[in-house]
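The values are calculated or read from the model by the stated rules, or taken from the named source; none is laboratory data. Predicted model only: the values in this text are computed from it and were never measured. Here the Cβ positions follow ideal geometry from the backbone for every residue, glycine too, while neighbour counts run over all protein chains shown.
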Amino acid sequence: MFAGMGSAIENEKVENSETLIGCAGASGLAVMIIILSTGHISGAHLNPAITISFAALKHFPWKNVPVYIGAQILASICAAFSLKVIFHPFMNGGVTVPSVAIGEAFALKFIIGFNLMFVVTDVATDTRAVSIIILIT
């Protein structure tokens with residue numbers, strides 16, 4: 001949250017010098033770093049949807065779901081308040097407003113979210129996919 005929203009705010013602050021690719025790259029690199037550094041400890045659950053899907057697929061105990069979701073929400077709130085302290089006058093850069101109708105925005109978000117969850121749960125739970133990643137690195 002901190003890297004993704006911070007890069008969007010910084011992009012707004014310096015008049016689009018970072019561009020959409022830079023913002024996406026900052027978010028992607030932040031997620032990659034967290035997954036590689038904490039994946040072996042906690043499974044790198046960065047999103048409540050990931051935690052719920054892993055529990056639904058029986059790869060994560062349901063008793064731990066509330067604690068993980070609570071930690072994820074608390075971390076997001078801390079990131080948001082940290083950005084507010086750092087970038088207070090420029091906070092409008094992190095706001096996303098759909099430029100399409102509500103139905104279209106919902107459908108697009110649903111499709112993108114489904115694809116994300118499909119890839120994450122498949123790569124993280126299929127031992128063949130993990131072995132391919134280990135061979136590549």
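The table below gives the values:
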{"read-out": "Search result, residues across the stretch 49-68 that are among the β-branched types (Val, Ile, Thr), modelled with pLDDT of 90 or more and buried (at least 17 other Cβ atoms within 10 Å of the Cβ)", "value": "65"}
{"read-out": "Enumeration of residues in the stretch 28-48 that are modelled with pLDDT of 85 or more and among the hydroxyl-bearing types (Ser, Thr, Tyr)", "value": "37"}
{"read-out": "Among the candidates 106, 54, residue that is under 19 Å from the mean Cα position of the chain (by Cα) and in the same structural domain as residue 119 (by TED's automatic domain parsing)", "value": "106"}
{"read-out": "Of the criteria (1) surrounded by 11 or more Cβ atoms within 10 Å (Cβ to Cβ); (2) assigned to a loop (DSSP other than H, G, I, E, B), which one residue 119 fails", "value": "(2)"}
{"read-out": "Residue match in the stretch 52-61 (condition: without any contact (Cβ under 8 Å) to a residue 40 or more places away in the chain, farther than 24 Å from residue 30 by Cβ and in a helix (DSSP H, G or I))", "value": "yes"}
{"read-out": "Test: residue in the stretch 17-34 that is surrounded by 11 or more Cβ atoms within 10 Å (Cβ to Cβ) and in a loop (DSSP other than H, G, I, E, B)", "value": "yes"}
